[in-house]
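Right, one structure below, let's go through it.
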Amino acid sequence: MFTAGRVVLLKFIDIFNFVLFVIFTVLYSYQAVYTAVALFSKYRKNKKEKHIAKTFHRYAVLVAARNEEAVIGELIKSIRNQTYPSELVDVFVIADNCSDHTAQAAKAAGATVYVRNDISLVGKGYALNFMLGKIKQSYADKHYEGFFVFDADNILDENYIAEMNNVFDQGYRVLTSYRNSKNYDYNWITSGYALWFLHEAEYLNRPRMELNTSCAISGTGFLIHRDVIEENGGWRHYLLTEDIEFSMSEVLKGEVIGYCGSAMLYDEQPITFEQSWHQRMRWAKGFYQVLGKYGRDLLKGSIKNKKHKFSCYDMMMNITPALLISLSSLFMNLMFFIAASISPDIGYRVGHHALLAMFTSLLIYYLILFAMGMLTTITEWKKIHCTTLRKIWNLFMFPFFMFTYLPISVVALFKKVEWRPIAHTCVKSLEDVR
């Protein structure tokens, strides 16, 4: 290849990487505004006066549990220890395809338990719909105004329901909350999860709430008004990420999902990379499913929906596989490097340039993720329950945890993924976590 051809390749590599960087920046630049809004909200001198609910609403708590006898007792205990009037909160547990004593443990802790055995319809969405049907059939006289959804491994701050009730009383029909972790300090995997959920709560959902745009629920710790359930005919979302599917569906209908940052729950994160791989594989596949089902409508809504245009765009970006943009840059640079190593015609300089571009991209992404993690760690410092040394170490490991999404997002494109349970073994009370 002539020298002129090599110059063209060098320019192509630079232009390709620059264009991808610009696309990524343009698509997600609004999240920098989110960060500024979140910081202003957290530290402004004259905060808005907190709304105190005029009504104590009646709630049902739904817990879909599969082989959770070790941890479900602590969740129910934390619900029973709420400062909110206990006579207004009933706990319902779906022992879903269990092979252990989850039903007995939940019943002993004070929950109303239903056993579901259906291996043809597997997943949290089916379990929730099953329980909502049972409540409608047998507890209609209770007139529940809202339904909380928790995972069996969660534990709640004692003011959780009272705080959620304050925001629910303002008229929000769907609410999410602050998601902390009860095993943040276990290893770099658990801290990686936990730090992301803290960032999602305070630097995505908090600014959305401040700007009166819609938030997104994330797996656990959310509240749904009875009217929403009735309008939907129960729980009708059965994709691998039923929470994200529900969020997209509600936003497209014009619902504004709220956020209560003062309502804190503690969630258990997977402790082994194998568990994490399988869980995040399901999430990645679920995001693709949701994008395929709702992506076109969200794109259309971000252009034509006058009232909720930005919410549609934000939710579309929430499910768009941004990692694939990053991966395409790394893949192209790697291909040029390999080609240069094999073929002397391409030349050492081209290969070296491609390799340098690849590592530069990785460094940029690392620094962005590090900055994101550092900001979250600093502002949420007192809410992260582990030693100072562990907080700092986990901060440096956070970008590596996020990088592991790269192979997961690729494999999920081609692999058939089915729902599978994650074993929860971190048995802690609220006092233990603190």
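The values are calculated or read from the model by the stated rules, or taken from the named source; none is laboratory data. These numbers were taken from a predicted model, which means no experiment stands behind them. For neighbour counting, all protein chains shown are included, and Cβ atoms are generated from backbone atoms with ideal geometry for every residue, glycine included. When the accessible area is computed, the model is the full protein with side chains, heavy atoms only, and any ligands, DNA or RNA have been set aside. Shrake-Rupley method; radii C 1.70, N 1.55, O 1.52, S 1.80 Å.
Brief remarks follow.
- Secondary structure note: in the chain, about 25% of the DSSP beta bridges are antiparallel.
- Partner lysines whose Cα lies under 23 Å from the Cα of Lys107, excluding those fewer than 8 positions away in the same chain, are identified as Lys77, Lys124, Lys134, Lys136, Lys142, Lys428.
- Each residue of region 146-151 was assigned a 3J(HN,Hα) from its phi angle through the Karplus curve 6.51 cos²θ - 1.76 cosθ + 1.60 (θ = phi - 60°); the sequence is x, 10, 7, 10, 10, 8 Hz, with glycine and proline shown as x.
- Its residues counted as N, region 7-116 yields a C-alpha radius of gyration over 2.2 N^0.38 Å of 1.93.
- Rg(Cα)/(2.2 N^0.38 Å) for region 96-233, N = residue count: 1.17
- Region 356-408-region 135-199 distance, computed between alpha-carbon centres (Å): 25
- Computed log₁₀ I(q)/I(0) - Debye formula, equal Cα scatterers, no solvent, region 20-83, q 0.11, 0.12 Å⁻¹: -0.69, -0.77
- Placing unit charges on each Cβ (+1 for Lys and Arg, -1 for Asp and Glu) gives region 21-171 a dipole about its Cα centre, and among Leu156, Gly123, Ala64 the Cα reaching farthest toward its positive end belongs to Leu156.
- Candidates Ser78, His424, Leu367 compared by Cα position along the dipole of the chain: farthest toward the positive end lies Leu367, with charges placed on Cβ.
- Our helix-only sum for the chain, with -39,500 (n - 2.57) per DSSP H run of n ≥ 4 divided by its residues, gives a mean residue ellipticity at 222 nm of -18000 deg cm²/dmol.
- Alpha-carbon Debye profile of region 183-227, log10 I(q)/I(0) at 0.18, 0.24, 0.26, 0.29 Å⁻¹: -0.65, -0.89, -0.95, -1.03
- Probing with 1.4 Å while keeping every protein chain in the model, the per residue accessible area of the chain equals 46 Å².
- Accessible surface of region 40-161 [probe 1.4 Å, protein heavy atoms]: carbon and sulfur percent: 50
- For the chain, the relative contact order works out to 20 percent when only alpha carbon pairs closer than 8 Å and six or more residues apart are counted.
- Sorting 61-74, 420-433, 96-109, 79-92 by average packing, meaning the other beta carbons within 10 Å per residue, from highest down gives 61-74, 96-109, 79-92, 420-433.
- Computed on the chain, the Cα convex hull volume stands at 158 Å³ per residue.
- For Ala263, the amide hydrogen comes within under 5 Å of the amide hydrogens of Tyr178, counting only partners 5 or more places away or on other chains and with H modelled in the peptide plane.
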